[in-house]
Amino acid sequence: MSNSNYAGIPDEYAGLDNASIVLIPVPYDGTSTWQKGADKGPEAFLDASANMELYDIETDTEVYHHGVFLADVVTENSSPEAMVDAVHATTKKYIKKNKFVTLFGGEHSISIGSIRAFNEMYENLSVLQIDAHADLRKEYDGSSCNHACAVYEASQKTNLVQVGIRSMDSIEVGINDDDKIFLAHEMVQDDYWQEKATEALTENVFITIDLDAFDPSICPSTGTPEPGGLFWYETLDFLKMVFAEKNVVGFDIVELCPNPSEKSDDFS
């Protein structure tokens, strides 16, 4: 993977000293259990970024003026546990530099390390998980660092709020509080789910977005697509509400499984 500037931005906005935002690529796909390819996600995302317009019509801004530093790729893949440790250490290093830290995976197990780092650095942290799957198993396939366990630790050590969930195993029922799980089939009948989910969050919020949260009709390029998901503008409206009312301290985006014949998802 090349390590040129994110989105091809000018060097003056891409250096660590001048950047307020850090982007950490984590091309890991060691524990996925259906379609492989999430390790190609960061490269596809960065390639797409170099082909997008830098001016945002909706906000009338050029966000890159805040500075975006593209960190070295986290390449540790000797074991799920070693990967999580590497993500944790790298994430924490940049938080300590007072940066707004973001990550792009890779499968959802990378979030175990990023959430752990943010939880150590911010008091009373909420984790907002936007996802099709509960990911609440304590262990799966012999590891607690499996993608199916992505937010189990968060459920035990942070305030976990889950949005868009429509697939889970019976052993995951009851692990997180019922009033903090927003199930897709209930959300579609509830005009106030966005307000309720936002109210369930504490002041400091880390967001983890699994792209399979979106309905496959708008985002099919993911390892485990599930029908009945979120749509683009409702998700943006929800995120705007969270950013307006809470202190979002960082986020990650995971589970892009790029399709060479369909590039639109790479821009997500």
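The values are calculated or read from the model by the stated rules, or taken from the named source; none is laboratory data. These numbers come from a predicted model, not from an experiment. Cβ atoms come from the backbone with ideal geometry, glycine included; neighbour counts cover every protein chain shown. With ligands, DNA and RNA removed, areas are computed over all heavy atoms of the protein, side chains included. Shrake-Rupley method; radii C 1.70, N 1.55, O 1.52, S 1.80 Å.
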(message) Yes or no: the stretch 199-211 includes at least one residue that is outside any strand (DSSP E or B), under 17 Å from the mean Cα position of the chain (by Cα), modelled with pLDDT of 95 or more and farther than 30 Å from Lys92 by Cβ.
(response) no
Does Lys196 satisfy the condition of being of a type in the set (Lys, Arg) and closer than 25 Å to Phe100 by Cβ? no
Looking across the stretch 237-268 at residues that are free of Cβ contacts under 8 Å to residues at least 40 places away in the same chain, open to solvent by 50 Å² or more (accessible area, probe 1.4 Å) and of a type in the set (A, V, I, L, M, F, W, C), the single one that is farthest from Ala7 (Cα to Cα) is Ala244
Residue pairs qualifying under the 7 Å Cβ cut-off, at least six apart or on distinct chains, with the first in the stretch 49-65 being under 22 Å from Ser4 (Cα atoms) and the second being open to solvent by 90 Å² or more (accessible area, probe 1.4 Å) and in a loop (DSSP other than H, G, I, E, B), are Glu62/Tyr55
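To keep it simple, each residue is scored yes or no on (1) among the aliphatic types (A, V, I, L, M); (2) in contact (Cβ under 8 Å) with a residue 12 or more places away in the chain; (3) open to solvent by 20 Å² or more (accessible area, probe 1.4 Å).
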{"site": "Tyr13", "(1), (2), (3)": "no, yes, yes"}
{"site": "Ile21", "(1), (2), (3)": "yes, yes, yes"}
{"site": "Tyr28", "(1), (2), (3)": "no, yes, no"}
{"site": "Asp39", "(1), (2), (3)": "no, yes, yes"}
{"site": "Phe45", "(1), (2), (3)": "no, yes, yes"}
Across (1) open to solvent by less than 40 Å² (accessible area, probe 1.4 Å); (2) under 19 Å from the mean Cα position of the chain (by Cα), Met187 clears everything bar (2)
Can you confirm whether the stretch 72-92 contains a residue that is in contact (Cβ under 8 Å) with a residue 12 or more places away in the chain, closer than 26 Å to Met187 by Cβ and in contact with an Asp or Glu (Cβ under 8 Å, 6 or more places away or on another chain)? no
Here the residues within the stretch 212-263 that are assigned to a helix (DSSP H, G or I) and not aliphatic (A, V, I, L, M) are Asp212, Trp232, Tyr233, Glu234, Thr235, Asp237, Phe238, Lys240, Phe243, Glu245
Looking across the stretch 78-95 at residues that are more than 18 Å from the chain's Cα centre (by Cα) and not polar (S, T, N, Q), the single one that is nearest to Asn119 (Cα to Cα) is Lys93
Residues in the stretch 174-228 that are farther than 16 Å from Leu136 by Cβ and among the β-branched types (Val, Ile, Thr) total 8
Considering every residue within the stretch 186-198, establish whether at least one is touching a Phe, Trp or Tyr at 6+ places or on another chain (Cβ under 9 Å) and part of a strand (DSSP E or B). no
